[in-house]
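The values are calculated or read from the model by the stated rules, or taken from the named source; none is laboratory data. Everything numeric here is computed off the predicted structure, so don't read it as measured data. Counting neighbours? That spans all protein chains shown, and the Cβs are built from the backbone with ideal geometry, glycine included. Keep in mind that these areas ignore ligands, DNA and RNA; they rest on the heavy atoms of the full protein, side chains included. Shrake-Rupley method; radii C 1.70, N 1.55, O 1.52, S 1.80 Å.
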Amino acid sequence: MDQMSKSMIDPVTQFDFRNGMASLAAAVHVVTTVGPDGRSGFTASAVCSVTDTPPTLLVCVNQKTSSLAAILDSRHLCINTLTPHHEALSRQFGAKIPMEERFAGGSWSPGMHDAPVLVDALVSFECSLQSVQEIGTHTVLFCNVLKVNPGEASEALVYFGRAYRTISVGG
């Protein structure tokens, strides 16, 4: 592309980017940890596999998220993937309510490094924080997977088209 063509391309606006992202279906997760002030967590859809050798996930966290400091302090977290019956729980963890109220909607057990594991999650990944990268308004957490806790559900909660949806095995 020549210099003239590069200067004629309009930058992508925040509005256009968000509309484009609404077309991507994403699993819904509750990311948890235990920090100096106790249990902490938030809802996330920006979770992705990085590599299986070593098993690594990434989580994108808005830098304004109150749980980020607890994760950075603890260096351990659990990524709990939700099923359709966890929709209310997802909303709780996405709301600006006290942390202990967020945890009231689920059944939790302490993980190997105390990060809360959702007992009936589709799957939970217990992780240690490997590295951190700040990009714009977000912090990307690269997480070593220490333990995988598979669940028994056959349906997943996803976010698509700015709404919660259900997908299931076999259809």
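Structural remarks
- Vicinal HN-Hα couplings computed from phi for segment 154-166 (Karplus, 6.51 cos²θ - 1.76 cosθ + 1.60; Hz; Gly/Pro x): 10, 10, 10, 8, 10, 10, 8, x, 6, 8, 6, 9, 10
- Val123 long-range amide H proximity, modeled H, under 5 Å: Thr81, Gly151
- 3J(HN,Hα) along segment 26-37: 9, 4, 10, 10, 10, 9, 10, 7, 10, x, x, 9 Hz, from the Karplus curve 6.51 cos²θ - 1.76 cosθ + 1.60 with θ = phi - 60°, whole Hz, x for Gly and Pro.
- Sparse-neighbour loop sites [GluC sites (Glu not before Pro); segment 106-160; at most 12 other C-beta within 10 Å; DSSP]: Glu152
- Here the 3J(HN,Hα) profile of segment 42-51, calculated from phi with Karplus coefficients 6.51, -1.76 and 1.60 at θ = phi - 60°, is 8, 8, 9, 10, 8, 10, 8, 6, 9, 7 Hz, Gly and Pro shown as x.
- For segment 1-137, the Cα gyration tensor yields ellipsoid semi-axes of 31, 17, 15 Å (square root of five times each eigenvalue, largest first, whole Å).
- Excluding the site residues themselves, the longest part of the chain lacking any trypsin sites (Lys or Arg not before Pro) in a DSSP loop with at most 12 other Cβ atoms within 10 Å is 97-161.
- Cα-based convex hull volume of segment 33-98 per residue, rounded to whole Å³: 96 Å³
- Helical mean residue ellipticity (222 nm; -39500 (n - 2.57) per DSSP H run of 4+; nearest 500) of the chain: -5000 deg cm²/dmol
- Of all accessible heavy-atom area on the chain, the percent that carbon and sulfur account for (1.4 Å): 56 percent
- Taking the Cα centre of segment 41-138 as origin and assigning +1 to Lys and Arg Cβ atoms and -1 to Asp and Glu Cβ atoms, the resulting dipole is close to 240 debye.
- For Thr81, the accessible surface of its heavy atoms amounts to roughly 10 Å² (probe 1.4 Å, protein chains only, rounded to the nearest 10).
- Average accessible surface for the chain: 58 Å² per residue, computed with a 1.4 Å probe over protein heavy atoms with every protein chain in place.
- Our analysis of segment 132-171 gives Rg over Rh at 1.13, with the two radii drawn from alpha carbon positions and Rh computed by the Kirkwood formula.
- Isolated Cys residues of the chain, judged by Cβ distance under 4.7 Å to other cysteines: Cys48, Cys60, Cys78
- In a reduced charge model with +1 at each Lys and Arg Cβ and -1 at each Asp and Glu Cβ, the chain shows a dipole moment near 260 debye about its Cα centre.
- Volume per residue for segment 56-171 equals 121 cubic angstrom (convex hull of Cα atoms).
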